[in-house]
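The values are calculated or read from the model by the stated rules, or taken from the named source; none is laboratory data. This is a predicted model, so every value here is computed, not measured. Every residue, glycine as well, gets a Cβ built from its backbone with ideal geometry; the counts of neighbours run over all protein chains shown. Keep in mind that these areas ignore ligands, DNA and RNA; they rest on the heavy atoms of the full protein, side chains included. Shrake-Rupley method; radii C 1.70, N 1.55, O 1.52, S 1.80 Å.
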Amino acid sequence: MSAGTTDGRRAGTADRPRTGAPGPRADTTPGAARDAVALRRLAVATLEANWEHDHSVPSRTLYPHQWSWDSAFIAIGWSHVRPERAWRELGSLFRAQWVDGRVPHIVFNPALRVGSYFPGPQFWDSALAEGAPAAATSGLVQPPVHAPAAWLAYRRAPTGAGRAALARLYPRLVAQQRYLATRRDFGAGGLACIVHPWESGLDNSPAWDAPLAAVPADAAAMRAYRRHDTAHVDAAHRPTDLDYARYVALVASYRERRYRDEDLAGRHPFLVECPLLNAATGAAEHALARIAPLVGADPGPHRERAARITEALVRRLYDPTTGTFQPRDLRAGRLVPARTVLGLAPLILPDLPARQASALVAEACSPRFGLAARMDRPLPSHDRTAPDFEALRYWRGPSWMNINWWVRQGLLSHGRPDLAGGLRDSMIELVTGAGCHEYFHPDTGAGLGSPAFGWTAALLLDVLADDPAG
Ligand code: 9WN
């Protein structure tokens, strides 16, 4: 495998060509990806092309900075081909950690021109916050999938350098957990709240429609801004202007308080306990319990916290009448009724009680999501039978590799290799047909959003390597 050409340089300057095309053309044409070798080559070429000095961009066109949970998924991919990059990826992200422990969801590359992403660093103005790093960042978080990623990367490449990287990361991963457990538990029930849909990673999921409806905003407010996303992708495949007006209003509300979490409870218009973010927090404690002995720390407290998070998830977010997990809208004081793929996320927890685990498998196998040992397409992001299911619009229906990878991990840890196998085959088939797209049409498998997308490539490498027949 060739060494990356951008190593050691701050590429991505204003005059850099901004195409999404990675590497040599023959390697990146979906039609060439006929078998596992070609697919692997496609994935590696995509990762190489998105590498930027000390991190990976999710996409050269749509997302040219560093994103938090993208970097975690991408590190898993790097661990298969260039483990040192997995550690650099996580290391660069955690260098932007705030003093309070939050890991910002975007770390901006100062070399890029103004307007390369909306909302950019000027809009976030992280410098006004106490304890923000020197680098410009957003003030929000994303699901903390970094400890599981670090553990998987180390397990894949258990070298001395990997162990040293784990030792450096460990206190930072612990601080991230502490931030979520202490500053974000607005419901005082043992779960962290998201204060913006972007924090869930599933931005315009129908799960957020009800809580977002309480955020006063007008689509016309977007006339004051220039959206960057719709210059690259069909607007019909993206969140609406009204969604964006609300996103912007929520950031403004948080920014006005200099991103301080104190007193947010009574004032901020969006406070929701998300099943995915909290499942990630629980999975992170499980991963930290595996990492702790390697770095001379005690795994006991991590196991205890993991058990408490699982218990809180079941107590606060599991709905026995629907048999799935649903977000809790703290301001409205109720569970959100939409049955989205977010509800399946707690399956990742190995200590999820058998009752809830079987309910989630049944939910995943229902016509809403279509999981089976032989299946044509991976799970969609929303209930296929719901009236607001939209096959083309972002997190309201399309299939995504990271969510399917997540569900597959859960199926493996709950003793369902048959279903995990069906899911794996359908994921590989999807990328074979369409290339490393950001998301996919849930029926036709057509590639949507950005081409050459980082976590699609990374997680493809992971499922390819995990060959049950090999
Ligand atoms: C806002 C980078 C990110 C992902 C999110 C995905 C999308 C950003 C956007 O892209 O969100 O954070 O501009 O739409 O929803 O999951 O991390 O890939």
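Some observations on this one:
- Residue in the stretch 192-207 that is open to solvent by 10 Å² or more (accessible area, probe 1.4 Å) and more than 16 Å from the ligand (Cβ to nearest atom) present: no
- Counting only helices (runs of 4 or more DSSP H) wholly contained in the stretch 60-128, the ones carrying 3 or more residues that are among the small types (Gly, Ala, Ser), out of contact with any Lys or Arg (no Cβ under 7 Å at 6 or more places or on another chain) and surrounded by 24 or more Cβ atoms within 10 Å (Cβ to Cβ) occupy 68-81.
- Reported count of residues in the stretch 336-383, each being outside any helix (DSSP H, G or I), farther than 23 Å from residue 211 by Cβ and open to solvent by 20 Å² or more (accessible area, probe 1.4 Å), is 11.
- Whichever residue in the stretch 46-59 is in contact with a Gly (Cβ under 7 Å, 6 or more places away or on another chain) and open to solvent by 10 Å² or more (accessible area, probe 1.4 Å) and, among such residues, is farthest from the ligand (Cβ to nearest atom): 48
- Breaking point among (1) at pLDDT below 95; (2) within 14 Å of the ligand (Cβ to nearest atom), for residue 467: (2)
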